[in-house]
Amino acid sequence: MGISGTPEWKALADHHLQVRDAHLRDLFAEDPERGTRFTCRAGDLHLDFSKNRLTGETLRLLAALAERAGLRARTEAMFRGEHINTTEDRAVLHTALRAPRDRVLVVDGQDVTGDVHRVLDRMADFAQRVRNGTWRGHTGEPIRAVVNIGIGGSDLGPAMAYTALRDYSDRSRTFRFVSNIDPTDLAEATRDLDPATTLFIVCSKTFTTQETLANATAARRWLVDGLGGDDNAVAAHFVAVSTNAEKVAEFGIDPANMFEFWDWVGGRYSFTSAIGLSLMVAIGPERYQEMLDGFATIDEHFRTAPWEQNLPALLGLISVWYIDFFRAQTSAVLPYSLYLARFPAYLQQLCMESNGKSVTLDGTPVDVPTGEIVWGEPGTNGQHAFYQLLHQGTHLVPADFLAFAQPHHDLDGMHDLLLANFLAQPAALAFGRTAEEVAADGTDPAVVPHKVMAGNHPSNAIVAPKLTPNVLGQLVAAYEHRVFTQGVVWGINPFDQWGVELGKVLAQQLAPKLQSDTAPTYDADSSTNALVRLLRQLRGR
Ligand code: F6P
């Protein structure tokens, strides 16, 4: 039986009919304590979910749904290292990457915690040597620039976190992130760097990804050419992060310079594995450990807190409420911190690659809508771009507003202005402005309907004291477990990504056709064939 056939789902569907038209104005008027009652605390994260179109009964029913879906048992199975990624027959153990050193976890006969901390210690040693200048380049100079090469989960985590934690980073060094196979990416990243002082960290779980290998190959050529053609230079300027030692060696990086992780770390869940190496070099091992501790705080909270007081589970269940009962198709993430500029992009992979699925674990089609389209921009820029649609458009877009009480830079009280906007927008979205209120301003009656704000647009507010490494860890872990909660309710596998494979195969087949007339014919459709011809012509081929 699919999830929609369960009594818990049916109870939610009935309940939805009763509450779907309730207005947040009325829900707040009925309960003066709503703004403090519908809140939840986890570590340093404060979640205010009062501006959602739900009641206490909705929460009770969502918690019952979580129980029915087996969220507790699935969570335990994940933390224990059972092979819950069934289509790849793998454990899912990103939580072990931040578990304390003394936690015993043996999975498939392997001491997982021991392995994790052995690599963390190597990373810390390496990061210190780069930071204190004892890791030298081929010509004996210290490293001044670190370029992370990777894509997807091997890029977005460290790139997002480096941007987020820039204020904690070693400002005397340059950090860049190259991901795209567009040669512009590497060219722009290296154009002002000196090969003698540049270190490349090549990150790829599989070490077979086209983009990463192409960029790493071009980077190696740039380095060797820049250092007089000596191939021996590679050893001091390239390190790898991967699960695939064989391919790393094949590429020409000494396995002694490889930082390992394991197949039980999914790409988009790999940020706390050795994939975080460039970030560790940037912020130092101690700050990095603080970040891991933040993750661990939320891991423990998620594992133990009751659903109605469980911050990640609430985020997940409330999103299910909108996606499946209100039929919302997207959700916005709106950080009121420019440091979180890359957070929406990071969440796009985390959420959409995880839960963009249409079959359940047993291979049958899902019977309810699954993963939402995630998008966003930092406030207040978004306010002057797309918020109009949030306020007066026809789509329901649940939004997460994020803010930090303490600024990293407070220029003339600007942080208070930022926070005032963070407070104003969710209030305007929730409560809007009635025709009577607009008319009372003396507005021309013909213009009144254009100025009415219907309100009842839902949002969460997540507040923390300051965007520290520890708080960033808490935030990312909260969203990881939000995604897991959704996946369990929908009965899908959030840990595979078969849907990205076909495009990769076709690109491999199409590349030779762009380069040569005599390439073996790939039997493309008429549209693709015509585009190939056009591109070849425009390139003078
Ligand atoms: O896009 C598919 C994907 O497999 C992601 O899941 C992954 O994060 C990314 O490619 C990069 O993979 P790798 O780390 O193996 O290079």
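The values are calculated or read from the model by the stated rules, or taken from the named source; none is laboratory data. Please read all numbers here as calculations on a predicted model, not as lab measurements. Virtual Cβ from ideal backbone geometry, glycine too; neighbours counted across all protein chains shown. These area figures cover heavy atoms from the full protein model, side chains too; ligands, DNA and RNA do not enter into them. Shrake-Rupley method; radii C 1.70, N 1.55, O 1.52, S 1.80 Å.
If I filter the range 367-407 down to residues being touching a helix residue (DSSP H, G or I) at 6+ places or on another chain (Cβ under 6 Å) and among the hydroxyl-bearing types (Ser, Thr, Tyr), which single residue comes out as nearest to residue 469 (Cα to Cα)?
So the residue we want is 380.
For every residue, the table says whether it meets (1) surrounded by fewer than 16 Cβ atoms within 10 Å (Cβ to Cβ); (2) more than 16 Å from the ligand (Cβ to nearest atom); (3) of a type in the set (Val, Ile, Thr).
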{"residue": "312", "(1), (2), (3)": "no, yes, no"}
{"residue": "330", "(1), (2), (3)": "no, yes, yes"}
{"residue": "335", "(1), (2), (3)": "no, yes, no"}
{"residue": "351", "(1), (2), (3)": "no, no, no"}
{"residue": "355", "(1), (2), (3)": "no, no, no"}
{"residue": "365", "(1), (2), (3)": "yes, yes, no"}
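Limited to the range 392-425, what total is found for residues that are buried (at least 21 other Cβ atoms within 10 Å of the Cβ) and part of a helix (DSSP H, G or I)? I'd like the intermediate steps shown before the answer.
Start the filter on the range 392-425 by keeping residues that are buried (at least 21 other Cβ atoms within 10 Å of the Cβ), which leaves 397-404, 422, 425.
When the remaining residues are screened for being part of a helix (DSSP H, G or I), the result is 422, 425.
The total comes to 2.
Which count do you get for residues in the range 464-505 that are touching a residue at least 60 places away in the same chain (Cβ under 8 Å), aliphatic (A, V, I, L, M) and closer than 23 Å to residue 86 by Cα? Step through it out loud before you land on a result.
Quick first cut of the range 464-505, residues touching a residue at least 60 places away in the same chain (Cβ under 8 Å) only: 464-500, 504.
Checking which are aliphatic (A, V, I, L, M) leaves us with 464, 467, 471-472, 475-478, 483, 488-489, 492, 500.
Subsequent filtering for residues that are closer than 23 Å to residue 86 by Cα retains 477, 483, 488-489, 492, 500.
The qualifying residues number 6.
Any residue in the range 210-233 that is touching a residue at least 60 places away in the same chain (Cβ under 8 Å) sitting within a Cβ distance under 6 Å of a residue that is open to solvent by 50 Å² or more (accessible area, probe 1.4 Å) and within 16 Å of the ligand (Cβ to nearest atom)? List the pairs, counting only those 6 or more apart or interchain.
So the pair list comes out as 211/151; 211/181; 212/151.
What are the residues in the range 139-168 that are within 16 Å of the ligand (Cβ to nearest atom), closer than 14 Å to residue 281 by Cα and part of a helix (DSSP H, G or I), if any?
Listed by number, the residues that qualify are 158, 159, 161.
Given (1) of a type in the set (A, V, I, L, M); (2) farther than 20 Å from residue 177 by Cβ; (3) within 16 Å of the ligand (Cβ to nearest atom), where does residue 235 come up short, assuming only one miss?
Of the numbered conditions (1) of a type in the set (A, V, I, L, M); (2) farther than 20 Å from residue 177 by Cβ; (3) within 16 Å of the ligand (Cβ to nearest atom), the odd one out for residue 235 is (3).
If you go through the range 49-56 one residue at a time, do you hit one that is under 22 Å from residue 474 (Cα atoms) and touching a strand residue (DSSP E or B) at 6+ places or on another chain (Cβ under 8 Å)? Give the steps one after another, and end with the answer.
Of the range 49-56, the ones under 22 Å from residue 474 (Cα atoms) are 49-50.
Okay, now just the ones that are also touching a strand residue (DSSP E or B) at 6+ places or on another chain (Cβ under 8 Å), so 49-50.
Yes, there is a match, as at least one residue in the range 49-56 is under 22 Å from residue 474 (Cα atoms) and touching a strand residue (DSSP E or B) at 6+ places or on another chain (Cβ under 8 Å).
To keep it simple, each residue is scored yes or no on (1) under 34 Å from the mean Cα position of the chain (by Cα); (2) open to solvent by 20 Å² or more (accessible area, probe 1.4 Å).
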| residue | (1), (2) |
| --- | --- |
| 458 | yes, no |
| 468 | yes, yes |
| 479 | yes, no |
| 489 | yes, no |
| 499 | yes, yes |
| 502 | yes, yes |
| 512 | yes, yes |
| 537 | no, yes |
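Can you pull out the residues in the range 182-209 that are touching a residue at least 60 places away in the same chain (Cβ under 8 Å), of a type in the set (Ser, Thr, Tyr) and buried (at least 22 other Cβ atoms within 10 Å of the Cβ)? Step through it out loud before you land on a result.
Going residue by residue through the range 182-209, those that are touching a residue at least 60 places away in the same chain (Cβ under 8 Å) are 197-199, 201, 203, 205.
Now restrict to residues that are of a type in the set (Ser, Thr, Tyr): 197-198.
198 - this is the single residue of the range 182-209 that is touching a residue at least 60 places away in the same chain (Cβ under 8 Å), of a type in the set (Ser, Thr, Tyr) and buried (at least 22 other Cβ atoms within 10 Å of the Cβ).
Checking the condition in the same structural domain as residue 14 (by the TED database) and open to solvent by 30 Å² or more (accessible area, probe 1.4 Å), which residue from 118, 41, 74 passes?
Details: 118 fails: in the same structural domain as residue 14 (by the TED database); 74 fails: in the same structural domain as residue 14 (by the TED database).
Of 118, 41, 74, the one residue that is in the same structural domain as residue 14 (by the TED database) and open to solvent by 30 Å² or more (accessible area, probe 1.4 Å) is 41.
What are the residue pairs meeting all of these: first residue in the range 451-462, first residue in contact (Cβ under 8 Å) with a residue 40 or more places away in the chain and among the small types (Gly, Ala, Ser), second residue open to solvent by less than 10 Å² (accessible area, probe 1.4 Å) and part of a strand (DSSP E or B), Cβ atoms under 7 Å, and 6 or more apart or on different chains?
That search, which allows pairs on different chains as well, returns 459/399; 459/401; 461/401.
On the basis of being open to solvent by 60 Å² or more (accessible area, probe 1.4 Å) and outside any loop (DSSP other than H, G, I, E, B), does residue 388 make the cut?
Yes.
Filter the range 210-230 for residues that are under 24 Å from residue 245 (Cα atoms), buried (at least 16 other Cβ atoms within 10 Å of the Cβ) and either within 16 Å of the ligand (Cβ to nearest atom) or of a type in the set (A, V, I, L, M, F, W, C) (or both) and give the result.
Within the range 210-230, 211, 212, 213, 215, 216, 218, 219, 222, 223, 224 meet the criteria.
Out of all the residues in the range 251-278, which are in contact (Cβ under 8 Å) with a residue 40 or more places away in the chain, closer than 30 Å to residue 87 by Cβ and either among the hydrophobic types (A, V, I, L, M, F, W, C) or surrounded by fewer than 21 Cβ atoms within 10 Å (Cβ to Cβ) (or both)?
The first filter runs over the range 251-278 and keeps only residues in contact (Cβ under 8 Å) with a residue 40 or more places away in the chain, leaving 251, 253, 259-278.
Still in the running and closer than 30 Å to residue 87 by Cβ: 251, 259-277.
Passing the criteria: 251, 259, 260, 261, 262, 263, 264, 265, 271, 274, 275, 277.
Quick grid of which residues meet (1) among the hydrophobic types (A, V, I, L, M, F, W, C); (2) in the same structural domain as residue 114 (by the TED database); (3) on the phi < 0 side of the Ramachandran plot:
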site	(1), (2), (3)
279	yes, yes, yes
318	yes, no, yes
322	no, no, yes
329	no, no, yes
338	yes, no, yes
